[in-house]
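A short write-up of the structure that comes next.
Please treat every number below as a calculation from the coordinates, not as lab data. Since this is a predicted model, take the numbers as computed values, not measurements. All Cβ positions, even for glycine, are placed from backbone atoms using ideal geometry, and neighbour counts span all protein chains on display.
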Amino acid sequence: MVQRATRHGVRMSVVLGFANLLTLAVFSVYLRPDFSIPFRPNDALAVLNGFLFFWGQWFSVQSVRKGDLVVHSSALGFKVLIVATLSASVGLEKAGAGLFGGAMLAALAVYLVTGATAERWKANRATLGLTLLACMFFGTNDFLTGWKNHESGAARWLILMMITAGTLSLCMLLPRWRDVKSMLCARATSWPTLGAGLTLGVQALLVNIAFSRYAEPALSNIAYSTRGVMAVFFVWAVTSRAKSALGWRQLLGAALMVAALAMVLV
């Protein structure tokens, strides 16, 4: 949906802004935060998490716009290595020798997913770089939610996080009101933009509920990162890649990424 919207001329800032505002709406409908308690120091971490979430979304959406969806989805699996390392450092989760082996296997997986040739690697390096930047912001965000949300309460933490991201998004949209208005008036651009925002909002709510409720962000990320295999399968199933060696390399790379993620918590 993000790719479709940008192909019709919608600016990335508009896509991201609507995505975060719709995410805030989805969170507000589901959660019932208690704001009767005054603002506390720990709430500042939730606000910081909102900044991390916003920039994670920014780099992630830029990566999707610029390149191969399969490369983006699979490389996003590197996020679990960041989360696992941070979680193990404070005793939130355990990460043993599998962390090092998982990192090496993940590097091989990304090499296969990007095409396993120097030419394909060069073609996908922008996508990979933007995705890894998104991993840094999202990984820290996931870790803080799993580690600190209970001190504020999950609902309060998540709403403060999304109010921050939503405020940043609104400030970004206001100077571009003409672009927003033209996008809303055109069916070809309105439905993919709003659809992208709604689906991003629902998935953000689900994964953050998992992080906050079970306090196992690395384990949750292992399950979430199977999206790489799903992306490879969907692309392979609906395009002519089924007849090419590149499609099988990407399928193998995505499968290795899942294996790498599973090794992290061995």
Please report Val80, Val71, Val14 as a ranked list, fewest other C-beta atoms within 10 angstrom at the top and most at the bottom.
Val14, Val71, Val80
Length added when fully stretched, Ile37-Ala259, from 0.36 nm per residue minus Cα-Cα:
75.5 nm
